[in-house]
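> Quick one: the structure is below, questions incoming.
The values are calculated or read from the model by the stated rules, or taken from the named source; none is laboratory data. Since we're looking at a predicted model, the values are computed, not measured. Note that each Cβ is placed from the backbone with ideal geometry, even for glycine, and that neighbours are counted across all protein chains shown.
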Amino acid sequence: MRKKDIDRPHYECTRCGHGWYGRSEKRPPFCPKCRSKMWDQPKPRKFTCHTCGHVWECRGDEPPQRCPVCRSVKWNAPRYRLQCLRCGYRWVPRNCSSPDDVKICPKCKSAKWNRIPNVSRCSKCGVFFIDNGAEKSSRCPKCRSKRGTVTFRCPFCNSEWASKKDTWTVCPVCGTPHPEIGGNDIVEMWRKESRSLKYSTNEGTAVVYLWENGKPVSAKYLSEVLQKTDRNIDQMVRAIGVPEYEGMWTHIANWLYDERDVYLGNVEYFVNRLGLSKEDATVLAIHFTGMGPEAISMKLDIPYERVRESFDRIMAAYENGGIVVDDTIYTDDPVSKY
């Protein structure tokens, strides 16, 4: 504390936690950081409507009777919005007490609608297929080889090799470790010159990355890609390496490239909503596109440890704001909700 601040009143914002010294005894009109005029009022509770997804604040002691947007009196009753991980279809089931009660996707009829598709490549014949881990589904559908593999490419010597998912990922030629995104499974779906599309599964998510010149450019969740192409995951896998689908893969790559900076539109929003620094808000905005911490560090060219520290501060900001993040349930507009 500076000597000249000893006799000055100290204030602290209840919204963002910012503290500052006033110039006089007069109450400041707003917080100098988050600009809130309610900086000295008790922090209101946040409520989320399970019917329309609207998030609002309420200063009363009693829970609100209706959602202020859709006017539903059942705003607090559990209502799940589900999304099929095989075809990207979205729906709201009726009379559903838990997502586990849903047996199949109403569109593609897949019983594995909520399982992340793991894509493998047969080391014998090169065919790509979906490996569900079971003995029957892990065999290559063409040559019936017993176990699928993943193809890796060395970033140093550019060598390619096939390896099982649960074995080493070190280049057998030069010994360079393969730079996997978070140690997850990565399958290259398409490559042309310096650009490539890579399918990645990690921590319950399935993401398609666009890489260019050895760095991740952008990412989209698999469900978004399936909706964009109007295909299911089986059709996408069968299109890998097929010349007739070169136009489709190029279209996806161009789409991801065009969307590479869309996250910038949410940075200022996260700064104001959660009281984050610009760098932390940027990390969060990119993460909402599907990118993991390792890919974010490569995209922003900052150390991985710094990205992990940003995530720690982000989770603390959510907790302080009373916002509960639930990644297990599909959300139409996660940016406005979280």
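> Looking at segment 243-290, what helices (runs of 4 or more DSSP H) fall wholly within it and have at least 2 residues that are outside the structural domain of V225 (by TED's automatic domain parsing), crowded, with 16+ Cβ neighbours inside 10 Å and not aromatic (F, W, Y)?
The helices (runs of 4 or more DSSP H) meeting that bar are 267-274, 278-287.
> If you don't mind, there's one more thing I want to ask. Out of the residues in segment 299-321 that are within 17 Å of the chain's Cα centre (by Cα) and hydrophobic (A, V, I, L, M, F, W, C), which is farthest from S218 (Cα to Cα)?
Per the criteria, the residue is M315.
> Considering only residues that are of a type in the set (K, R) and within 28 Å of the chain's Cα centre (by Cα), which ones fall in segment 34-53?
Result: R45, K46.
> Residues being more than 12 Å from A281 (Cβ to Cβ) and β-branched (V, I, T): count how many of those fall in segment 303-319.
Number satisfying all stated conditions: 1.
> For the structure I just gave you, tell me whether C67 is at pLDDT below 80, in a loop (DSSP other than H, G, I, E, B) and either hydrophobic (A, V, I, L, M, F, W, C) or surrounded by 15 or more Cβ atoms within 10 Å (Cβ to Cβ) (or both).
So C67 does not fit the description; no.
> Also, I was wondering about something else. Output the residues belonging to segment 55-64 that are part of a loop (DSSP other than H, G, I, E, B) and at pLDDT 80 or above.
Correct list: P63, P64.
> Might you check whether a residue that is free of Cβ contacts under 8 Å to residues at least 60 places away in the same chain, closer than 23 Å to V207 by Cα, in contact with a helix residue (DSSP H, G or I) (Cβ under 8 Å, 6 or more places away or on another chain) and surrounded by 15 or more Cβ atoms within 10 Å (Cβ to Cβ) occurs anywhere in segment 101-120?
Within segment 101-120 (the criterion being free of Cβ contacts under 8 Å to residues at least 60 places away in the same chain, closer than 23 Å to V207 by Cα, in contact with a helix residue (DSSP H, G or I) (Cβ under 8 Å, 6 or more places away or on another chain) and surrounded by 15 or more Cβ atoms within 10 Å (Cβ to Cβ)), the answer is yes, since at least one residue qualifies.
> Follow-up. Restricting attention to segment 275-298, which residues are in contact (Cβ under 8 Å) with a residue 60 or more places away in the chain and more than 15 Å from the chain's Cα centre (by Cα)?
Within segment 275-298, G275, M298 qualify.
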